[in-house]
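Here is the structure we will look at, set down as structure tokens.
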Amino acid sequence: MAEALGVHEDLIDLVDLESAPLSLVKTVIDEGRVLWGGDEALDYLWRRYLMYLDANDMEELISLP
């Protein structure tokens with residue numbers, strides 16, 4: 001994969017988004033690139049991002065005094 005992208009292998013991190021915690025999914029959205037899956041992958045990431053936002057909203061509500 002690194003060779004195909006023309007980067008050093010140390011710069012490649014593969015993530016199983018289905019089992020990754022939402023915080024890691026958010027990092028992938030912020031810093032990563034979709035290499036496979038096209039619109040379907042982007043749609044999946046969007047749904048996971050909405051889950052991340054919902055989880056953060058719940059966390060904020062729970063921590064209110």
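FYI, it's all coordinate maths here, none of it is from the lab. On a predicted model such as this, the values are computed, not experimentally measured, just so you know. Every residue, glycine as well, gets a Cβ built from its backbone with ideal geometry; the counts of neighbours run over all protein chains shown.
Quick notes on this structure:
- Rounded to the nearest 10 degrees, the inclination of helix 22-31 to the longest alpha-carbon principal axis of the chain is 50 degrees.
- Angle in degrees between helix 38-63 and the longest Cα principal axis of the chain, rounded to the nearest 10: 30
- Contour excess over end-to-end distance, with Cα ends at Glu31 and Asp13 and 0.36 nm allotted per residue: 5.4 nm
- Between Leu5 and Arg47, the modelled labels are 2.4 nm apart [label points 7 Å from Cα along Cα→Cβ].
- Taking other Cβ atoms within 10 Å as a rough exposure proxy, Leu50, Leu45 sort from fewest to most as Leu50, Leu45.
- For the chain, dividing the convex hull volume of the Cα atoms by the residue count gives 93 Å³ per residue.
- Farthest toward positive dipole pole in the chain [+1 Lys/Arg, -1 Asp/Glu at C-beta], among Tyr52, Leu11, Pro21: Tyr52
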